[in-house]
1. If you check A:111, A:99, which single one turns out to be at the interface with another protein chain (Cβ under 8 Å from one of its Cβ atoms) and at pLDDT below 95?
2. With respect to residue A:117, determine if the residue is at the interface with chain B (Cβ under 9 Å from one of its Cβ atoms), closer than 11 Å to residue A:168 by Cα, buried (at least 19 other Cβ atoms within 10 Å of the Cβ) and within 16 Å of the chain's Cα centre (by Cα).
3. Inside segment B:93-123, can you point out the residues that are within 26 Å of residue A:276 (Cα to Cα), in contact (Cβ under 8 Å) with a residue 40 or more places away in the chain and facing chain A (nearest Cβ under 8 Å)?
4. Based on what the data block shows, is residue A:88 within 13 Å of chain B (Cβ to nearest Cβ) and within 16 Å of residue A:167 (Cα to Cα)?
5. Under the condition of being more than 10 Å from chain A (Cβ to nearest Cβ) and touching a residue at least 40 places away in the same chain (Cβ under 8 Å), which residue from segment B:237-263 is surrounded by the fewest Cβ atoms within 10 Å (Cβ to Cβ)?
6. If you check A:172, A:136, which single one turns out to be more than 17 Å from the chain's Cα centre (by Cα), facing another protein chain (nearest Cβ under 10 Å) and buried (at least 18 other Cβ atoms within 10 Å of the Cβ)?
7. Please give the number of the condition residue A:129 fails out of (1) farther than 30 Å from residue B:197 by Cα; (2) crowded, with 20+ Cβ neighbours inside 10 Å; (3) more than 8 Å from chain B (Cβ to nearest Cβ).
């Protein structure tokens, strides 16, 4: 019999690290968000005042907070379906018995996932350069006028979304691929005998069987996309006209450029609450279409 | 649609997708060997006229990229080594050792996954400032020394170890530490490799936290160094592409050589249970 004491000795180092460097700071953030911690408090802690929900109240009256929220929501609302669609499409192609050289394609499609965001953002900034970029050159061949991709407030966010989809779709592709491979082949066999078309097989077998995978991938992707930061930091610096300032970008600026750590903590907490609410909503909605026995509707 | 046409369509789409996925990376490599200014031309040149190492020389001699590279290797190496030890110990304890409240504690840890890491960053910065660890390697390494994901991964895998094996060793009088090192670790080898790649890639690619905690250039990791270079040298496409190659190539090679383990871990980590 092993003793509980030795178990705790094995656990202690990891728990101490997680406690000191994660749980404690999260609690700290809650407290910090209720204070006016700023440059003066940083210099001398006696300047610190407790202001209750003041930071939250102020943020809700700041246009920049709402526009940062709007940009982030735009990124999530457009980016997540595109990203999941690309992942599922690629997984279906790779899963097809007709596909050749599967390991090769799989590796190539996954490669962008392991690259460093900053480095590939630098590449994309060059590809989408207004004057010498490959994107505008190719469009020019089709007779389309050059687009100021990262310099036009209307185009900056779509360009960042394209970049994010390119960078991330391979991750979910692998998970979808595993989900597809877990579907029993005799289901398709039976459907074929009944004369179901490829589309009907996809609609009535693949999609329902993939639903749990879909929900999990959806939750992971949504929470990942809510954390938009490095892309605008490198590609646009939040511009043009602050059109790519995301919530985390605002938190970073507020906290580490202007040293308003109290207000920045409030931004972080509002983002957390929003992400939590959206996740709960997704789980609820996915359950609604089900029969009580848990099967698909 | 005839099967032949279908086959051509599917493989055609896969080839198209592969071109889209790889083109930016291949072009980055090509442009990095061009002479200064060569890439700013129409039509955009696909291959360098006279390939040379000038951009890389410039990066390492003048822009301090060697230092950033060394910093990245040190930081990512330290995070990988330390987090392996801590996560393996904790994951094994959650899987195989008995203590009161084990399941509840584990559920609580999993629950903490819903909190985005950025919430902790502001107080963490203050904490490290008061203990004097801002702008140090330790400031980057310490918070990454244990991860819930890593503990989860090890626990999933370690549950497959038969209890009889551990009990037999205990009856033979082996201590818990000795059992862990001599029996458990060799059995966990595949997941150790997986976790090592995950930790190294995550540490190497991390951007926001090092950006916050590293204030002086001498401690910059590659992503931070590259981002600051990109702000100064926005127009030097060739130089920036070389910088991107230096940043991306190590992790791409690591992934290519060990992708079996990486993909396996991704699937193990994505299925909760």
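The values are calculated or read from the model by the stated rules, or taken from the named source; none is laboratory data. The structure presented is a predicted model; accordingly, all values stated were derived computationally and were not measured. Here the Cβ is made from the backbone with ideal geometry for all residues, glycine too, and neighbour counts use every protein chain on show.
1. Details: A:111 fails: at pLDDT below 95.
Answer to the selection: A:99.
2. Values: at the interface with chain B (Cβ under 9 Å from one of its Cβ atoms): yes; closer than 11 Å to residue A:168 by Cα: yes; buried (at least 19 other Cβ atoms within 10 Å of the Cβ): yes; within 16 Å of the chain's Cα centre (by Cα): yes.
For residue A:117, the condition - at the interface with chain B (Cβ under 9 Å from one of its Cβ atoms), closer than 11 Å to residue A:168 by Cα, buried (at least 19 other Cβ atoms within 10 Å of the Cβ) and within 16 Å of the chain's Cα centre (by Cα) - is met.
3. B:109, B:117, B:118, B:121
4. On the way: within 13 Å of chain B (Cβ to nearest Cβ): yes; within 16 Å of residue A:167 (Cα to Cα): yes.
Spelling it out, residue A:88 is indeed within 13 Å of chain B (Cβ to nearest Cβ) and within 16 Å of residue A:167 (Cα to Cα).
5. B:258
6. Details: A:172 fails: more than 17 Å from the chain's Cα centre (by Cα).
Selected residue: A:136, the only one of A:172, A:136 that is more than 17 Å from the chain's Cα centre (by Cα), facing another protein chain (nearest Cβ under 10 Å) and buried (at least 18 other Cβ atoms within 10 Å of the Cβ).
7. Failed condition: (3).
Per-residue answers, yes or no, for (1) in a helix (DSSP H, G or I); (2) surrounded by 21 or more Cβ atoms within 10 Å (Cβ to Cβ); (3) more than 13 Å from chain A (Cβ to nearest Cβ):
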{"position": "B:11", "(1), (2), (3)": "yes, no, no"}
{"position": "B:43", "(1), (2), (3)": "no, no, no"}
{"position": "B:76", "(1), (2), (3)": "yes, yes, no"}
{"position": "B:90", "(1), (2), (3)": "yes, yes, no"}
